[in-house]
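Since the structure comes first, as structure tokens, the remarks are kept for the end.
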Amino acid sequence: MRARLAFALAAFGLALAGCTLRPLYAGGGSGRVAQTLHSVQVGPIQGRAGWLVRTALEDRLGTRGDPVYRLEVELDDNITGFGIRSDDAVTRERRTLRARYRLIDAAVGTVLLDATAGSDAGIDVVGSEYATVAAEQTALEHLAVEIADQIVSRIALYASRGGTAPAPARR
């Protein structure tokens, strides 16, 4: 029984050693990924949703010094009503926030990364209009953070893979 356990542990150890997993943020603050993230400047984004996403991006990127990259983001914010009662009143809404973003080499103007991010949230429509508007705004705040996290994660992945070849656009 001990021999089987030892064999199983040895086999697991060999399989794990052959794994190609690498830490994304290897090197800490001086690693390639952190340096890339710190050198991204976020361009202006239209509207309240744009302000929320831009603020969240700037918080996560922590731009320092002269930017090497420029990030351009276009948002599509949509609220759709569903869950309709017999008197045609909407009882539920879905707020969807989608972003198309491009990472651009600031010196040359070459698009290095062209991708999308998106998330949605459900909102209960209640009798109080104030409560519904507050729920819509809270949902937007959460969606902006989610979108920013997706964008930063994708840029970090791009940087960890060398960041030399343009990535294909996803739609």
Report task. Could you look through region 87-106, keep only residues that are over 30 Å from Arg154 (Cβ atoms) and surrounded by 13 or more Cβ atoms within 10 Å (Cβ to Cβ), and pick out the one that is modelled with the highest pLDDT? Result -> Arg92
Requested in this report: Within region 36-54, count every residue that is touching a residue at least 24 places away in the same chain (Cβ under 8 Å) and outside any loop (DSSP other than H, G, I, E, B).
Outcome: 12
Report task. Would you please name the residue that is nearest to Gly162 (Cα to Cα), looking only at residues in region 88-128 that are among the acidic types (Asp, Glu) and assigned to a strand (DSSP E or B)? Result -> Asp105
Query raised in the report: Counting only residues that are surrounded by fewer than 16 Cβ atoms within 10 Å (Cβ to Cβ) and under 22 Å from the mean Cα position of the chain (by Cα), how many does region 107-119 have?
Result: 3
**Report entry** Residue within region 70-86 that is surrounded by 14 or more Cβ atoms within 10 Å (Cβ to Cβ), in contact with a Lys or Arg (Cβ under 9 Å, 6 or more places away or on another chain), touching a residue at least 40 places away in the same chain (Cβ under 8 Å) and part of a helix (DSSP H, G or I) present
**Finding:** no
Query raised in the report: Has region 90-98 got at least one residue that is in contact with a Leu (Cβ under 6 Å, 6 or more places away or on another chain) and acidic (Asp, Glu)?
Result: no
**Report entry** Close pairs (7 angstrom Cβ cut-off, 6 or more residues apart or separate chains): closer than 25 Å to Leu143 by Cβ in region 100-126, surrounded by fewer than 16 Cβ atoms within 10 Å (Cβ to Cβ) and among the aliphatic types (A, V, I, L, M) anywhere
**Finding:** Arg102/Val111; Ile104/Val111; Asp114/Ala169; Ala115/Ala169; Val125/Val90
**Report entry** Criterion (more than 17 Å from Glu74 (Cβ to Cβ), out of contact with any Phe, Trp or Tyr (no Cβ under 9 Å at 6 or more places or on another chain) and at pLDDT below 90) met by exactly one of Ala165, Ala131
**Finding:** Ala165
Requested in this report: Taking only region 38-54 into account, find how many residues are closer than 30 Å to Asp124 by Cβ and exposed (fewer than 15 other Cβ atoms within 10 Å of the Cβ).
Outcome: 4
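The values are calculated or read from the model by the stated rules, or taken from the named source; none is laboratory data. What you see is a predicted model, and the numbers here were worked out from it, not measured in a lab. When we count neighbours, we look across all protein chains shown, and the Cβ atoms used for this are built from the backbone with ideal geometry, even at glycine.
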